[in-house]
1. When C403, C445 are ordered from fewest to most other Cβ atoms inside 10 Å of their Cβ, what list results?
2. Identify the trypsin sites (Lys or Arg not before Pro) of region 373-437 meeting these criteria: DSSP loop state and at most 14 other C-beta atoms within 10 Å of the C-beta.
3. Taking neighbour Cβ counts within 10 Å as the exposure measure, how do F335, F66, F231 sort from fewest upward?
4. Region 156-249: which GluC sites (Glu not before Pro) are DSSP loop and have at most 15 other beta-carbon atoms within 10 angstrom?
5. I need the Debye-formula profile for the chain: one equal scatterer per C-alpha, no solvent, reported as log10 I(q)/I(0) at q = 0.08, 0.12, 0.14 1/Å, two decimals.
6. Take Q60 and D435, extend 7 Å from each Cα along the Cα→Cβ direction, and tell me the distance between the two endpoints in nm.
7. With only Lys, Arg, Asp and Glu charged, each at its Cβ (+1 for the first two, -1 for the last two), find how big the charge dipole of region 213-369 is about the Cα centre; round to the nearest 20 debye.
8. Which pairs in the list K118/K422; K118/K140; K422/K448; K118/K448 are over 26 Å apart, alpha-carbon to alpha-carbon?
Amino acid sequence: MNTVVALSTPRGRGALAVIRLSGPQAIAIAQRLARLDDFEPRRATLTKLRSVADEEVLDQVLLTCFPAPHSLTGEDVVEISCHGSPAIVRRIVDATIELGAVLAAPGEFTLRALTNGKIDLAQAEAIRDLIAAQTDAAVKQAARQLNGELSNALDPFKQELIEVIVLLESALEFVEDDLPEPQLNQLEETLVSVIGGVTRLSQSYSAGRLLRDGARVAITGRPNVGKSSLFNSLVHSERAIVTDVPGTTRDTLSELIDIGGVPVVVTDTAGLRETSDNVERLGVERTHRAMGDADLVVVVLDGSTEVGPEDQELLDRTADTRRIVVLNKSDLPDFRSSSRCLPAVGAINVSARTGAGLANLHSAIVAKLNSDGAEDGSLLITNARHYDLLRNAKRELEVALECLRGRHSEELVLAPLHNALKLLGQITGETTTEDILSEIFATFCIGK
Ligand SMILES: Nc1nc2c(ncn2[C@@H]2O[C@H](COP(=O)(O)OP(=O)(O)OP(=O)(O)O)[C@@H](O)[C@H]2O)c(=O)[nH]1
Ligand SMILES: [Mg+2]
């Protein structure tokens, strides 16, 4: 096994940078650079690093050794906190390479931790998600998975499946001993309960995916209804130009915000209308594209004017999409609330100017995005790979249950059960091939 090195903090200038070494040579390399014979394990040592060729000081650093196996990767690990200059980092990394270290591949530290049994695959993926998390809620979910909650949630299912498999296998072995009817009923019940558990877990993906990847929300409507004003209120900044001239917004404009823990990219768009203005027409085309890409469309109407044919057309066109209808300008005396002018639509009354009703809009956005989501505080599936595996496992389990109910031969029940167990094992990495591993780790950043 070689010794790898990488910068573990972001590239660029900062007060500090952390360089990590892992592998059998890690401590020897650190000793050579620091000209020290030994380091106290897990204690920071203030020392100067010098280049090997001459005595030139590379930097004064804090160096911490974590001898195997009590380290992040399970190998000897050295962490060097140096001054955060790209030039210093380069010099130190080069010096370790001169002494035999090689640059780490993306996710290599985590991969080594996995190989040495320090974490399972779901936890390795949680590390990546934790680093990529954009909101508090996403951090919490990733941290739960890093704690092994997903693996813990799967364990009882796997245990129950193994028990069912053992019983069926033994019946298969002793041909005369068909399993008695009550026992077969018991096995059916167990399978039904495992299928229920796997289904619940896989259904949490729609909420989990939103937490991890975020949602796209497009604000649309005819010109001058207050889309840009609403956009500015949502993003808490005067990001978009607001005027009383219809057709002010030409280009789409997007900002990332946190709504109820969900990272949401909100997009302000050009008002929808027929126009001969070339620039505006291009803007309207972009509006249509943004609407097509959105997970949720917010249709804004001006509640101080009549619902016009353009509004009606937009309402009709979005009737089958995930949408929220908003009646804006509730502060104006002419405002007619949604219960009066759009009772069937269930629109939300807001005023982008005074902020009235915006809290309702926030809740409505979260509720719509989460419409098939899980209860608060539960463990969520956030990873498409896990979701796929759970769904496939569920399918296999259903086949097994059907065969069992039809009292088919044990072999027919066992084959899908073994498949299901294998699929569940792939989530935590017990039964994962090299190819899958390298695909997963290619999505990590270097130094992790
Ligand atoms: N009284 C009142 N006026 C508002 C409200 N929201 C927007 N306006 C006004 O309505 C006008 C149009 O607002 P914008 O936010 O530019 O409207 P828009 O939908 O983005 O318009 P386009 O970009 O032209 O499509 C401006 O004069 C705003 O000040 C509101 O809640 N109350
Ligand atoms: Mg606008």
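1. Working: C403 19, C445 13.
Neighbour counts put them in this order, fewest first: C445, C403.
2. Numbers: sites: R385, R391, K394, R395, R405, R407, K422; in loops: R407.
For trypsin sites (Lys or Arg not before Pro) across region 373-437 that sit outside H, G, I, E and B with at most 14 neighbouring Cβ atoms in 10 Å, the list reads R407.
3. Values: F335 18, F66 22, F231 26.
Ordered from fewest to most neighbouring Cβ atoms within 10 Å, F335, F66, F231 come out as F335, F66, F231.
4. On the way: sites: E160, E163, E169, E173, E176, E188, E189, E238; in loops: E176, E238.
The qualifying sites are E176, E238.
5. Values, matching the q order: -0.70, -1.01, -1.12.
6. 5.5 nm
7. Working: 17 positive and 22 negative charges, 51 e Å.
I would put it at about 240 debye.
8. Among K118/K422; K118/K140; K422/K448; K118/K448, the Cα-Cα distance tops 26 Å for K422/K448.
None of the figures in this text is laboratory data; all of them are computed from the coordinates on show. Only a predicted model underlies this, so the values are computations on that prediction, with no experimental measurement involved. Cβ coordinates were reconstructed from backbone atoms using ideal geometry, including for glycine residues, and neighbour counts include every protein chain displayed.
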